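The values are calculated or read from the model by the stated rules, or taken from the named source; none is laboratory data. Just so you know, these numbers come straight off a predicted model, no measurement behind them. We place every Cβ from the backbone using ideal geometry, glycine too, and count neighbours over all the protein chains shown.
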């Protein structure tokens, strides 16, 4: 198992990618500390991925709050003895549109979650990550970015979200240099269109507005992919697990697109 005897903190656990990351981490042998703003989502996820509760724990955590970030990190240490990796799924992606008519206060809110929130959670985990790096030479920070930060889609416009995730990539490069001497790796998974609850809802909405079947909308999307199919939440979760594992111990400061070949760089 890729994460045997490791402890992973996962932020942003809900019904989509966060759930899939939690499930993959438990399956691969990790003890998992789950955080999100909604306790019902946390409880449902923990029950689904670890029915006996032997390999998971959770607490409500809003990554805009430093004390809550510190409390989630402390819970992971208390329950499992340390932190080997943190996977940042928590994000705000509901602010739509571009710059011209934007409410920049909304952009600020997006940056506070997606950029600063990720950095708050990382900093809360750093003492334990440094200990893991010193003991085993392999701590890991895994960020979830987006393909839209390098190639914005034409179908929807999320300039604030793309900008915040682009800033997170810039932060990743600096952190990879800063934390590398402690044996901590920092990498980013960049999903494209990712089949899961959010994209399913988009496809259903588009199909209804155009008066066509959802399969027609999904088919148009898949035509742009090299495979051709849409990558799924689970594909992105598997990549995050790889980055968190010792299989990636020689990789830091890298972005990996998970997009079924829609964009190749």
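On inspection, residue 234 fails the criterion of being assigned to a helix (DSSP H, G or I) and free of Cβ contacts under 8 Å to residues at least 24 places away in the same chain. Taking residue 119, is it within 15 Å of the chain's Cα centre (by Cα) and either buried (at least 18 other Cβ atoms within 10 Å of the Cβ) or modelled with pLDDT of 95 or more (or both)? Here the answer is yes, as residue 119 does meet what is asked.
In this structure, is residue 189 modelled with pLDDT of 95 or more, touching a helix residue (DSSP H, G or I) at 6+ places or on another chain (Cβ under 8 Å) and not in a helix (DSSP H, G or I)? Yes; evaluated as a whole, the condition is true for this residue.
Screening residue 232 against (1) farther than 23 Å from residue 166 by Cβ; (2) touching a strand residue (DSSP E or B) at 6+ places or on another chain (Cβ under 8 Å); (3) at pLDDT below 90 leaves a single unmet condition, (3). For residue 101, state whether it is under 20 Å from residue 240 (Cβ atoms), surrounded by fewer than 16 Cβ atoms within 10 Å (Cβ to Cβ) and over 19 Å from the mean Cα position of the chain (by Cα). So residue 101 fails the test.
On the given criteria, is residue 176 in contact with a strand residue (DSSP E or B) (Cβ under 6 Å, 6 or more places away or on another chain), under 17 Å from residue 12 (Cβ atoms) and in a helix (DSSP H, G or I)? Judged against the criteria, residue 176 is not a match.
Residue check: residue 139 meets all listed conditions (1) over 16 Å from the mean Cα position of the chain (by Cα); (2) crowded, with 20+ Cβ neighbours inside 10 Å; (3) more than 23 Å from residue 83 (Cβ to Cβ) but one, namely (3).
When we screen 134, 124, 128 for residues that are part of a helix (DSSP H, G or I), modelled with pLDDT under 95 and out of contact with any strand residue (DSSP E or B) (no Cβ under 6 Å at 6 or more places or on another chain), the only hit is 134.
For the stretch 212-220, the criterion of being in contact with a strand residue (DSSP E or B) (Cβ under 6 Å, 6 or more places away or on another chain) and surrounded by 17 or more Cβ atoms within 10 Å (Cβ to Cβ) is met by no residue. Checked against the criterion of being farther than 21 Å from residue 166 by Cα, in contact with a helix residue (DSSP H, G or I) (Cβ under 9 Å, 6 or more places away or on another chain) and at pLDDT 95 or above, the stretch 89-96 contains not a single residue that satisfies it. Summed over the stretch 104-115, residues that are over 16 Å from residue 37 (Cα atoms) and in contact (Cβ under 8 Å) with a residue 40 or more places away in the chain total 4.
The residue pairs whose first member lies in the stretch 44-56 and is touching a residue at least 12 places away in the same chain (Cβ under 8 Å) and on the phi > 0 side of the Ramachandran plot, whose second member is surrounded by 13 or more Cβ atoms within 10 Å (Cβ to Cβ) and not in a helix (DSSP H, G or I), and whose beta carbons are closer than 6 Å, counting only pairs six or more residues apart or on different chains, do not exist in this structure.
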